[in-house]
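For reference, the structure discussed in these notes is given below.
Quick note: the coordinates plus some simple rules give every number you see, no bench work behind them. Being a predicted model, the structure only gives us computed values, none of them experimental. Cβ sites come from the backbone with ideal geometry, for glycine too, and all protein chains shown count toward neighbours.
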Amino acid sequence: MRAWRLLEWKSEPVLMDIPEPEPGPGQVVIKVGGSGACHSDLHLMRDFDIGTVPWNPAFTLGHEIAGWVHALGDGVTDLEIGLPVAVHGAWGCGACARCRVGAENYCEDPVAAPIPAGGCGLGLDGGMADYVLVPDARYLLPLPDGLDPVQAAPLTDAGLTPYHAVRRSWPKLQPGSTAVVIGVGGLGHLAVQILAATTAARIIAVDNRADARALAEKCGADLTVDPADDTAAQIRDVAHGRGADVILDFVGTTQTLALGAQSARSMGDLTLVGLAGGTLPLSFFATAYEVSVQTVYWGTRPDLVEVLDLAGRGQLTAAITTSGLDDMMDVYRRMEAGEITGRVVITP
Ligand code: NAD
Ligand code: ZN
Ligand code: ZN
């Protein structure tokens with residue numbers, strides 16, 4: 001089968017012909033229907049180095065996957081061949097306190113996990129391939145009626161990660177509150193929809209690209225802003241002069257983090273999702289009082305159940321275009337040049 005393999009850090013992946021995986025006991029092989037092209041893959045190719053994460057190449061890229069059950073290992077009895085499924089790609093040990101509640105994205109037993117703090121397409125072979133080996137049937141969630149694998153693929157990361165970020169801030173997003181989404185790409189456009197579907201917050205979307213701002217409006221943003229020197233003041237104005245209750249940064253440069261810190265209301269949340277590598281110097285007066293600053297990584301399996309439910313009921317729809325497996329690097333080059341709106345799904 002064909003697979004895009006990252007062979008070393010700071011290199012472009014290579015499309016290779018490798019043997020189709022065979023499922024061992026408890027494992028499942030999925031025929032890939034859709035594999036989302038995530039900006040994190042670009043960071044893997046361009047920015048990451050030995051020691052950045054606790055795993056290393058070589059592996060097949062692709063961590064945002066849905067498809068059909070293709071082959072079952074011994075002991076897997078509750079799945080049928082051909083069933084459309086989404087893959088929860090954070091593969092932990094399954095037994096530690098975090099994994100037992102489905103938070104395998106934060107597995108605390110890196111020795112027992114298949115790979116420390118990694119997962120599908122992140123240290124282990126992922127879905128930029130014809131088939132993907134899933135190490136345990138618990139990572140597979142049946143798709144709701146009417147949702148096909150191509151539409152569902154981005155939900156497993158571009159939907160799941162912002163859902164996890166928004167969900168943890170729900171108590172701060174009551175009527176009268178303001179949420180800011182910085183960076184309206186694959187993740188950000190779904191973040192706007194998740195905020196609109198699950199909270200009463202006024203939504204401000206910030207992106208330097210007009211097409212991204214137009215998409216944010218379609219997704220339910222109340223106001224879109226082209227970042228400039230006075231963006232923080234503009235946000236504070238709209239947010240009743242107090243600042244935004246929750247800011248989700250899907251870029252992560254020093255500049256966007258500074259914007260977040262300057263825009264946050266006292267007791268607000270500033271949540272860093274983007275991996276651009278910027279920093280936020282912390283000092284007593286760097287933010288309003290009691291602002292919480294946190295990173296989030298991916299989402300839990302229960303989160304993904306809820307994301308799929310929202311999508312099944314038509315409240316969450318990824319804006320996608322599709323591309324063939326052979327054209328994957330062309331997609332990442334377009335992403336790097338800022339030429340992609342929404343998400344591109346690779347369809348092997
Ligand atoms: P994307 O390329 O689809 O979207 C990024 C968007 O940010 C684009 O619309 C771009 O125009 C906009 N942007 C860039 N610089 C900006 C700036 N200075 N101000 C405002 N907008 C700006 O990327 P994506 O796939 O949505 O991923 C977003 C980020 O999230 C990436 O860094 C990715 O690696 C990261 N990510 C993190 C997690 C996690 O678990 N923490 C999961 C998935 C992706
Ligand atoms: Zn991703
Ligand atoms: Zn674990």
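Assorted remarks:
- Cβ-derived FRET efficiency at R0 22 Å, residue 209 paired with residue 237, nearest 0.05: 0.45
- Size of the chain as Cα extents on the principal axes (Å, biggest first): 60, 38, 38
- Size of the range 298-348 from its Cα atoms: along the principal axes, largest to smallest, the extents are 33, 20, 19 Å.
- Pairwise label distance in nanometres, residue 53 with residue 138, each label 7 Å out on the Cα-Cβ vector: 2.1
- Anisotropy class of the range 264-309 from Cα gyration tensor, a/c 1.5 cut: oblate
- Relative contact order of the range 146-195, pairs being alpha-carbon contacts under 8 Å that are 6 or more residues apart, as %: 49
- Sorted largest first, the principal axis extents computed over the alpha-carbon atoms of the range 122-221 equal 45, 31, 31 Å.
- Summing Lys and Arg as +1 and Asp and Glu as -1 over all other residues whose Cβ lies under 9 Å from the Cβ of residue 177 gives a net charge of +2.
- Ranking 215, 196, 253 by Cα position along the charge dipole of the range 148-278, where only Lys, Arg, Asp and Glu carry charges on their C-beta atoms, puts 196 farthest toward the positive end.
- If you plug the beta carbon distance of residue 309 and residue 95 into 1/(1 + (r/R0)^6) with R0 = 22 Å, you get a FRET efficiency near 0.25.
- Residue among 51, 186, 24 with the largest mean-square fluctuation in a Gaussian network model of the chain, springs linking Cα atoms under 10 Å: 51
- The range 282-322 and the range 74-107 have Cα centres separated by 20 Å.
- Local electrostatic count, residue 220, Cβ distance below 14 Å [Lys/Arg +1, Asp/Glu -1]: +1
- For the range 132-149 and the range 2-43, distance of Cα centres in Å: 16
- Spin-label pair residue 254-residue 294: with each label point 7 Å from Cα along the Cα-Cβ axis, the two points sit 2.7 nm from one another.
- Cα gyration tensor, the range 1-137 - rounded (a/c under 1.5), prolate or oblate: oblate
- Hits among aspartates and glutamates - C-alpha to C-alpha of residue 172 under 12 Å, sequence gap 8 or more where chains match: 245, 269
- For the range 166-277, averaging the sequence separation of C-alpha pairs within contact (under 8 Å, six or more residues apart) and dividing by the residue count gives a relative contact order of 26 percent.
- Rounded to 5, the percent of DSSP beta bridges in the chain classed as antiparallel: 50
- Relative intensity of the range 58-108 on a log10 scale, I(q)/I(0) at q = 0.13, 0.18, 0.21 Å⁻¹, equals -0.44, -0.80, -0.97, per a Debye sum over C-alpha point scatterers of equal strength in the absence of solvent.
- Taking every alpha-carbon pair under 8 Å whose residues sit at least 6 apart, the chain reaches a relative contact order of 18 percent.
- Gyration tensor verdict on the range 171-314 (Cα atoms; rounded if a/c is under 1.5, prolate if a/b is larger than b/c, oblate otherwise): rounded
- Charge tally around residue 314: other residues with Cβ under 15 Å, Lys/Arg +1 each, Asp/Glu -1 each, net -2.
- Dividing the radius of gyration of the alpha carbons in the range 210-261 by their Kirkwood radius gives 0.95 for Rg/Rh.
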